[in-house]
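Below is one structure, written out as structure tokens; the observations come after it.
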Amino acid sequence: MNGREKCCAWLFAMSEKPYRFFFKRKVKAWKLTSNDLLKFPKNSLGYATGLFLKTNDFELLDKLESHDVHHVLLGMQTTVKEEIGMQFILFGNGKRSFYLFATMTLGFILQAEHYKYFKFCYQKGRKLKSLTALKLRELLTQPLEQIRNELRIKSERSNIKILDLV
């Protein structure tokens, strides 16, 4: 990771708790662990999210669970470039928040060499059906590929079979 990527990663880490406190007060935590998610049906969004968390040595953060589910739905990894790209997808898809704007702005300034990628992500978000209205907790038992098809999500990584990740 270069210095600018480290700066972005540090900003992400430092902003998580204030973001949760100021902007997610009314959100109810799911109270699920990666092991709980791995008990969901093998082809489900929940199971795929559990694999994503285990593979990256993460656990769901209370009140921020949708972030990791978005990673799985969109087929995005956790590199700084893809974290910022995911924000551009969500912006293109209609999400609006102070944190989103701040992440996109700082990410673009610090990672300007990825301009074309961020533009591609924005355009991808505009083509998808709305993600913001989804009740992601309720979709955890549903087949991942069915959800992706309904949302028009297509990517090289999103076509990876869940069992290939094991």
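Specify the residue with the greatest mean-square fluctuation among E150, E59, E83, computed from a Gaussian network of the chain linking alpha-carbon atoms under 10 Å apart.
Ranking E150, E59, E83 by mean-square fluctuation puts E150 first.
Suppose every Lys and Arg Cβ carries +1 and every Asp and Glu Cβ carries -1, with no other charges. What dipole size does the chain come out with about its Cα centre, to the nearest 20 debye?
620 debye
Against the longest alpha carbon principal axis of the chain, how many degrees, from 0 to 90 and to the nearest 10, is the axis of helix 98-110 turned?
60 degrees
Relative to the first principal axis of the alpha-carbon coordinates of the chain, what is the inclination of helix 65-74, with its axis defined by its Cα atoms, in degrees from 0 to 90 and to the nearest 10?
Relative to the chain, helix 65-74 is tipped by roughly 90 degrees.
Expressed as an acute angle from 0 to 90° and rounded to the nearest 10, what is the orientation of the C-alpha long axis of helix 115-127 relative to the principal long axis of the chain?
50 degrees
Under the rule of at least 5 residues apart or a separate chain, name every residue whose amide H is placed under 5 Å from the amide H of S44.
The list, which skips near neighbours in sequence, is L144.
Running a GNM on the chain with Cα contacts under 10 Å, which residue among S34, S130, S15 ends up with the highest mean-square fluctuation?
It is S15.
Which residue, S66, M1, Q111, has the largest displacement toward the positive end of the dipole of the chain when charges sit on each Cβ (Lys, Arg +1; Asp, Glu -1)?
Of the listed residues, the answer is S66.
Using only Cα atoms, locate the centre of the stretch 84-151 and the centre of the stretch 1-49, then give the distance between them in Å, rounded to an integer.
One Cα centre to the other: 15 Å.
If the elastic network links every pair of Cα atoms under 10 Å, which of M14, M104, M86 fluctuates the most in the Gaussian network model of the chain?
Answer for the Gaussian network model of the chain: M14.
Which percent of Cα-Cα pairs in the stretch 67-127 sits in each 5 Å bin, short to long?
Reading upward from the zero bin: 4, 21, 32, 29, 12, 1.
Along each of its three principal axes, how wide is the spread of alpha-carbon positions in the stretch 31-102, in whole angstrom units, largest first?
The Cα atoms of the stretch 31-102 stretch 35, 21, 20 Å along their principal axes.
Please give the net charge around K116, taking every other residue with its beta carbon less than 13 angstrom from that of K116, where Lys and Arg add +1 and Asp and Glu add -1.
+2
Read the figures in this text as sums done on the coordinates, not as results from a lab. These numbers come from a predicted model, not from an experiment. Note: ideal-geometry Cβ built from the backbone for every residue, glycine included; neighbour counts use all protein chains shown.
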